[in-house]
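Please treat every number below as a calculation from the coordinates, not as lab data. Here the structure is a predicted model, which means the values were calculated and not measured.
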């Protein structure tokens with residue numbers, strides 16, 4: 001992707017973020033439109049896992065930190081609906097101390113749910 005194309009998409013998705021009133025930032029610029037279907041049609045369970053705000057460095061290093069999962073449903077596989085569900089997950093996580101608001105990737109779990117990869 002050229003720098004010009006990257007900036008064009010970044011500006012497009014920033015405008016969509018503002019229009020939708022979201023706090024999250026869509027950072028997957030391989031997509032062109034919020035109306036684009038990126039997954040099969042139908043309702044999707046979207047989840048996000050994060051560590052408790054009270055987790056210590058030691059707990060994180062030895063994999064004993066409490067992991068919290070929040071979820072929401074997307075009405076379809078469109079960018080808009082996936083983003084709306086991601087925004088809901090972010091708001092739930094934010095209320096529990098998480099701060100990651102960049103939507104960087106979505107992975108499909110074995111159970112068919114969609115797991116967000118969020119960054120800051």
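A few remarks follow.
- Cα-derived Rg to Rh of region 3-119, Kirkwood definition: 1.00
- Between 0 and 90°, nearest 10: helix 79-94 axis offset from the chain longest Cα axis: 30
- According to the Cα-based calculation, Rg over Rh for region 1-70 is 1.13, with Rh computed by the Kirkwood formula.
- When only alpha carbons are used to place a centre, region 76-112 and region 41-61 end up 11 Å from one another.
- The calculated 222 nm mean residue ellipticity attributable to helices in the chain amounts to -10500 deg cm²/dmol, summing -39500 (n - 2.57) over DSSP H runs of n ≥ 4 and dividing by all residues.
- Contour excess over end-to-end distance, with Cα ends at residue 51 and residue 32 and 0.36 nm allotted per residue: 3.7 nm
- For region 32-91, the C-alpha radius of gyration divided by 2.2 N^0.38 Å, with N the number of residues, is 1.45.
- Degrees separating the helix 3-20 axis from the principal Cα axis of the chain, which is the longest one: 70
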